[in-house]
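Structure first, commentary second.
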Amino acid sequence: MSVVAAIVGRNLRLFFRDRMNVFFSLLGAIILFGLYTLFLGNLQTASLADSIPGATTAEVQAFVDSWMFAGIVLITTVTTGLGGLAVLVDDDQTGRFRDFLVAPLRRGQLVLGYLLSAVVVAVVLSVVVLVVSVLYLGLVRGVWLGIPAIVRSLAIVVLSCVAFTAFSALIVSFVRTIGAFSGLATIVGTVLGFVAAAYIPIGVFPEAVASVVAALPFAQAGMLLRREFSDETLAAMTAEAPEAEEALRAMYGLDLQIGEWWVPAWFVVVVLIAITIVCTALSAGRIRRRIR
């Protein structure tokens, strides 16, 4: 394990020394925060304040911000794990694999080192974003998540990081150059906000599109985070109009529906665990064959 730990440490140093790679790993979350801070947040707040009787502007803003930050944390769990795999592509393109193979290293150790370092990158950066989100909601909006909600959110973040990093590793195993990897990262960062229903509420999509998005693990993991972040703010916002809560839960993705079936939380956990197992096995096999 000392060899694997050394490989992980080396990969982490390479990743965090490249500040642009760190920045682009967080770019999707930064874009979402910028969009809502500049104009989307005001539009959502104005629309909800007009449609929910008795809700104050502060309550609506608290709900919109909590919903937004759940999406930011979810996006971070995906893009940071992908960014952490840049070291793998760079080592392949520059021929460092040949240098490693003349050393007393097993290919399995190298593969494990790449996967673990990417998971560590994802977990560290996602937890930082989670902490910033909790502090922002508490200090700016006066909404403090309870300890149980924070613990559950942390568990969801870690599981999402592991699952989505494994999925990203499988995709990256087909990428051969840094240029192709940069293009992939750009596409993922741009599209992810839509397929995770983070840019706009899922209820705005046409019914068929909404069902497709709800069937994807990104929106499902986002659902778990939104429940932890937004359950209390939604209840406070709809206190004078409780009949609106159920519709808003579906509109904003706190509850997801595929056709006529409502997605339960346990199903999402099972899906994320299955993605972790299957994608880790497939990506490890492909990367192992790639290291020659």
Residue by residue through region 173-189, what is 3J(HN,Hα) from phi via Karplus (6.51 cos²θ - 1.76 cosθ + 1.60, θ = phi - 60°)? Round to whole Hz and write x for glycine and proline.
5, 9, 9, 10, 10, 5, x, 5, 5, 4, x, 4, 4, 5, 4, 4, x
Based solely on its DSSP helices, what 222 nm [θ] is calculated for the chain when runs of n ≥ 4 H residues each add -39,500 (n - 2.57) and the sum is averaged over all residues, nearest 500 deg cm²/dmol?
-25500 deg cm²/dmol
For region 242-258, Karplus-derived ³J(HN,Hα) couplings (6.51, -1.76, 1.60; θ = phi - 60°; whole Hz; x for glycine and proline) come out as x, 5, 7, 5, 4, 5, 6, 4, 6, 4, 9, x, 6, 10, 10, 10, 10
Report the label-to-label distance for residue 194 and residue 128 in nanometres (one decimal), using points 7 Å from each Cα along the Cα→Cβ vector.
3.0 nm
Taking N as the number of residues in region 222-292, what value does Rg over Cα atoms divided by 2.2 N^0.38 Å take?
1.67
Considering only 269, 229, 281, whose Cα is most displaced toward the positive end of the charge dipole of region 2-290, charges sitting on Cβ of Lys, Arg (+1) and Asp, Glu (-1)?
281
Scan region 239-292 for GluC sites (Glu not before Pro) in coil per DSSP, keeping those whose Cβ has at most 15 other Cβ atoms within 10 Å, and list them by number.
240, 260
Farthest towards the positive end of the dipole of the chain, among 201, 128, 214 and with Cβ unit charges of +1 on Lys and Arg and -1 on Asp and Glu, lies the Cα of 128
More than 28 Å apart - percent of Cα-Cα pairs taken over region 2-290:
38 percent
In debye to the nearest 20, how big a dipole does region 2-290 give about its Cα centre with +1 on each Lys and Arg Cβ and -1 on each Asp and Glu Cβ?
1940 debye
Using a 10 Å Cβ count of at most 16 others and DSSP loop calls, identify the longest part of the chain lacking such chymotrypsin sites (Phe, Trp or Tyr not before Pro).
1-143
Distant-in-sequence amide H partners of residue 258 (H built 1.01 Å from N, under 5 Å):
263
Dividing the alpha-carbon radius of gyration of region 1-138 by 2.2 N^0.38 Å, where N counts its residues, gives 1.42
Hey, rough spin-label estimate for residue 235 and residue 182, points 7 angstrom out along Cα→Cβ, what's it come to in nanometres?
4.9 nm
Paramagnetic reach from residue 267 in region 218-239 [backbone N under 14 Å; point 7 Å along Cα→Cβ]
218-221, 223-224
Principal axis box of region 76-174, alpha-carbon based, largest edge first, Å:
57, 22, 21
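All of the numbers you see were taken from the coordinates with simple rules; none came from a lab. Note that the structure is predicted; figures quoted are calculated from it, not measured. For neighbour counting, all protein chains shown are included, and Cβ atoms are generated from backbone atoms with ideal geometry for every residue, glycine included.
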